[in-house]
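Asks: Could you have a look at this structure, given as structure tokens, before my questions?
The values are calculated or read from the model by the stated rules, or taken from the named source; none is laboratory data. Not measured: the values here are computed from a predicted model. Please note: Cβ atoms are built from the backbone with ideal geometry, for glycine as well, and neighbour counts cover all protein chains shown. Accessible surface is based on the protein model in full, side chains and every heavy atom, while ligands, DNA and RNA are left aside. Shrake-Rupley method; radii C 1.70, N 1.55, O 1.52, S 1.80 Å.
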Amino acid sequence: MLSFAPLRGLTTLQAALPRGRKAIVVTFGGGARDEETFMPEGQENIPHLLTELIPRATFFTQVINRGILGHYVATASLPTGVYEKFNNFAAVPPDNPTVFEYFRRDLNRPAYDAWVVAPSNGFNRIGESGDRAYGPGLGAGVILPKRLLTAALASGEGVQYEHLLRDNYESPFFTPDLSGNEIELKQLSEILKLSVADFAAHARSLASPDELSVYIARQLMRQLAPSLLWITLHDMDIAHSGTYSLYLDGIQRSDRLCGEIWKMIQSEPEYSGKTTLFILPDFGRDSDTDAGGNGFQHHRTGDPISRTTWMMVLGPGIRENVVVDRPVESTDLVPTLGSIFGFSARRAQGKPLTEVL
């Protein structure tokens, strides 16, 4: 959830913020299969990843997720570097320290230097673990754009924004409370220099929740320039509805938004030339031929297709147009970030990826 107490006096503190190395992590909640992306028949869905980003990236073709294939628990495992085991539909924090806590504690970074922009499905707890030695007060600020939008709307306006407020595709029986907090909204508008009316008006022009998330991320980059920014995209998880065309729309939109994020990095003086960008799905989806699954619609079998995905890394010092075919694990992300920033991910299970260090 958002905590603004550490952000008082922000203007003075922001001016003193060292302009050093930065990292942005983009994850896809609701992973995509190779059939709809990197296989020849799927490449038309990812023109930005293929033609703009991969030629500038080190590309890992086999990123294995050995944990629970539920979106919140799997996404929470990415910033901890540990395969978390809590109930995917429980509003609980990760059990293990997050990358944000390692980053802030080891490097003595302030609260406004690490942020998460995430969907509302329980993700308000993702920025700070339940570990007593790390969690309290050392996590990232978490912004849930859908909750903020709900708070910004007057009674009866929600029908105009219904396409932006759908919160969960994974289970029809799980509907988390989307009620917003007016104090949080007002404080966020002050931090981002964005009026509530302007926020709601701009949201009306957007096609999806992920576009709203990237809009908020852009405001964060311009106003606070956090050194560690984590963005979770979630549109492609509409695959759970069983509509293949909407699933493809989600992939295509995620592809476009990744291209926009890379352009944002290059255009913002605080990020250009000093930012490493990581892009990866949380996991894949089931095979069409597995009798225990539902193909693109779900990720329940734990087969290699649902567990194996990819990651690309771009930025200064990263080798361009390099393909790494060896198997790595999704838990390797946090130790790699630790090596880049200079903190110890001492509780993470993975290992630093030497190809990008």
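Asks: Tell me, what ³J(HN,Hα) does each residue in the stretch 124-129 have, in order and in whole Hz, if you take phi through Karplus 6.51 cos²θ - 1.76 cosθ + 1.60 with θ = phi - 60° and put x for Gly and Pro?
Replies: Once rounded to whole Hz, the list reads 5, 9, 6, x, 8, 7.
Asks: Also: Counting only other residues whose beta carbon sits under 12 Å from that of residue 280, what net charge do I get with K and R as +1, D and E as -1?
Replies: Overall, the nearby charge balance is -3.
Asks: Can I ask one more? I want to make sure I understand the PRE zone here: with the label point 7 angstrom from the Cα of residue 326 toward its beta carbon, which residues in the stretch 49-90 have backbone N atoms less than 20 Å away?
Replies: 57-66
Asks: Cα to Cα, under 21 Å, and not fewer than 8 places away if on the same chain: which lysines meet these conditions relative to residue 85?
Replies: 351
Asks: Right, another one. Determine the sum of side-chain charges near residue 266: Lys and Arg each +1, Asp and Glu each -1, restricted to other residues whose C-beta is under 15 angstrom from that of residue 266.
Replies: Here the charged neighbours net out to +1.
Asks: How large is the helix-only mean residue ellipticity at 222 nm for the chain, computed as the sum of -39500 (n - 2.57) over DSSP H runs with n ≥ 4, divided by its residue count, in deg cm²/dmol to the nearest 500?
Replies: -9000 deg cm²/dmol, from helical runs alone.
Asks: Right, here's the next one. Given the Cα-Cα distance of residue 241 and residue 163 and 0.36 nm per residue of separation, how much length would full extension add, in nm?
Replies: Gain in length upon complete extension: 26.7 nm.
Asks: Can I ask one more? Excluding residue 66 itself, calculate the net charge of residues whose Cβ lies under 15 Å from the Cβ of residue 66, where each Lys or Arg counts +1 and each Asp or Glu counts -1.
Replies: -2
Asks: List the lysines whose Cα lies under 19 Å from the Cα of residue 193, skipping any in the same chain that are fewer than 8 positions away.
Replies: Cα-Cα hits under 19 Å: 146.
Asks: For residue 155, tell me the accessible area in Å² from a 1.4 Å probe, rounded to the nearest 10.
Replies: Its heavy atoms expose roughly 130 Å² to the probe.
Asks: Longest segment of the chain with no trypsin sites (Lys or Arg not before Pro) in a DSSP loop having at most 14 other Cβ atoms within 10 Å?
Replies: Here the longest segment lacking exposed loop sites spans 194-318.
Asks: So, in Å, what gap is there between the alpha-carbon centers of the stretch 114-158 and the stretch 322-357?
Replies: A separation of 26 Å, based on Cα centres.
Asks: A further question on this structure: Taking R0 as 25 Å, what's the FRET efficiency between residue 193 and residue 272 from their Cβ-Cβ distance, rounded to 0.05?
Replies: My answer for the efficiency is 0.75.
Asks: Taking a cut-off of 16 Å between Cα atoms, list the lysines near residue 263, but don't count ones fewer than 8 places away on the same chain.
Replies: Answer for residue 263, where 16 Å is the Cα cut-off: 22, 274, listed by chain and number.
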